[in-house]
Amino acid sequence: MKTTLGIEFEPFFPQISHRAKIGCAKYDLSTGEGVAMEQWYLNMGEVPGTPLSQIVGIYSNVKPEDRECLKTSLSRLVHGETDHDQREAQVKDGEGWKWIRLDIMEAGLEKSSPILLLMNYDISELKAMEERMLKAEKSERLKSSFLANISHEIRMPLNAIVGFSSLLGDEEDGELRQEYINLIQTNNELLLGIVNDVLDLAKLESGTMTFDFMEFDLRQLIVETVASFQIKVPRGVALTYPASLDSFLLRSDRIRLKQVLGNFITNAIKYTSIGSIILSYQAMENEVLLSVTDTGEGMSEEIKLHVFDRFYKGRNQKQGIGLGLSICQNIIERLGGCIGVSSEQGKGSCFWCTLPIFPPKDTY
């Protein structure tokens, strides 16, 4: 017998169900018949009034990988392995997917006529909130890692600059003085590189990095880039570009592209002690492929997986804070292209990027 309170609230159940996005259905396993609230159908991505026998155990609107889990859940109840099961699944929602939590349980009636109580909840907002929390936690971890990394990396060149500057004032030997000056200049460049990386990261994070698209000769850019790095190349290593390269007009951000190629070359110099570093490009139908290929150390599969991650310094902990390649990835993607690396341990590496010959207008 219904209580007075239950009678009072019954007219509001559909409205409560709709607002809370909670649906409920009762299903007779022996006959395949049952009844369901409208919200239950909507949560399942089904048309209200569809026979439950066409939904339960079929789950046509559920993502294929989740569909099997729901079928397993139903099977466990049917075979008496449990009297209750709960799963989460993605259900088709227009062009995308929504998250649903499903509870299935015995209704407590006679075993000769097994009745199931099916409940579902739209938890899309909860999932979105969880994702935002995970991103916030990851951001906080990255911030802490960044502060720890940056303080350590800045202190090293600063200490070197201060130390060798002090020695320089007292040193009379000309050769030693020049050696100290060279070390100070090297650490100045390292410190400047760290500061520039931090500033670029801040601009990318805040969305304030600007891009200036213009038409320029790609061959000329390559010639300039190779020339500017010749002084940094160690003995025994040749930094070159193919003599057969033709002029090629590209519309992109010349300065940012030179920054990316410079980063590729800098990394190649770090890990190449003998052999060659070749900067080249290949024009294709709708895009151009640029590459820096070296005969250096190469890298393992594990390092290749993470080489574009922020603060990753997997190869022998060389100088730098592990931001350069991550920044390059962001820049190339903002220019409408892709970036990647092919490498084999002990056989060198090839860092490459592609850029559209005619970039879409929404990129500039």
Per-q log10 I(q)/I(0), the stretch 159-232, q = 0.27 Å⁻¹ (Debye; single scatterer per alpha-carbon; no solvent) | -1.11
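Under a Cβ-Cβ cut-off of 14 Å, what is the net charge of the residues other than Leu142 that fall near it, where Lys and Arg count +1 and Asp and Glu count -1? Don't skip to the end; give the middle numbers.
Details: positive: Lys135, Lys138, Arg141, Lys143, Arg310; negative: Glu137, Glu140, Glu205, Asp309.
Neighbour charge sum, excluding Leu142 itself: +1.
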At a Cα cut-off below 19 Å, give the aspartates and glutamates reachable from Lys258, other chains included and same-chain residues fewer than 8 away excluded.
-> Glu189, Asp197, Asp200, Asp212, Glu215, Asp217, Glu224, Asp246, Glu287, Asp294, Glu333
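Ranking request for peptides 248-261, 296-309, 172-185: highest mean number of other beta-carbon atoms within 10 Å first, then the rest in descending order.
248-261, 296-309, 172-185
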With no solvent and one equal point scatterer per Cα, compute the Debye intensity ratio I(q)/I(0) for the stretch 4-122 at 0.09, 0.10, 0.13, 0.20 Å⁻¹ and report its log10, rounded to two decimals.
-> -0.24, -0.30, -0.50, -1.14
Scattering profile of the stretch 210-364 at q = 0.12, 0.16, 0.17, 0.19 Å⁻¹ [log10 I(q)/I(0), Debye over alpha-carbon scatterers] = -0.49, -0.88, -0.99, -1.22
Hey, what's the Cα Rg ratio for the chain versus the globular rule of thumb, 2.2 N^0.38 Å?
-> 1.52
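I'd like the GluC sites (Glu not before Pro) in the stretch 191-295 restricted to DSSP loop residues with at most 15 other Cβ atoms within 10 Å, sorted by number.
Taking the stretch 191-295 and a limit of 15 other Cβ atoms within 10 Å, the loop GluC sites (Glu not before Pro) found are Glu285.
Which of the pairs Lys135/Lys347; Lys135/Lys232; Lys21/Lys203; Lys143/Lys304; Lys203/Lys232 have their Cα atoms more than 30 Å apart in this structure?
On the way: Lys135/Lys347 37 Å; Lys135/Lys232 39 Å; Lys21/Lys203 41 Å; Lys143/Lys304 24 Å; Lys203/Lys232 28 Å.
From the list (Lys135/Lys347; Lys135/Lys232; Lys21/Lys203; Lys143/Lys304; Lys203/Lys232), the Cα-Cα distance tops 30 Å for Lys135/Lys347; Lys135/Lys232; Lys21/Lys203.
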Computed [θ] at 222 nm, deg cm²/dmol, the chain (DSSP H ≥ 4; -39,500 (n - 2.57); rounded to nearest 500) | -15000 deg cm²/dmol
Neighbour-count ranking [beta-carbon atoms within 10 angstrom, fewest first] of Ser124, Ser342, Ser247 = Ser247, Ser342, Ser124
Cα-based Rg/(2.2 N^0.38 Å) for the stretch 76-160, rounded to two decimals, is 2.06
Roughly speaking, what is the centre-to-centre gap between the stretch 120-139 and the stretch 224-299 when only Cα atoms are used, to the nearest Å?
-> 42 Å
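Determine the sum of side-chain charges near Leu42: Lys and Arg each +1, Asp and Glu each -1, restricted to other residues whose C-beta is under 14 angstrom from that of Leu42. Don't skip to the answer; put the middle values down first.
Values: positive: Arg19, Lys21, Lys92, Lys98; negative: Glu38, Glu46, Asp93, Asp122.
The answer is 0.
Where a number appears in this text, it was derived from the coordinates with a stated rule and is not lab data. Quick caveat, the model's predicted, so the values are computed rather than measured. As a convention, Cβ positions derive from the backbone with ideal geometry for all residues, glycine included, and neighbour counts pool all protein chains shown.
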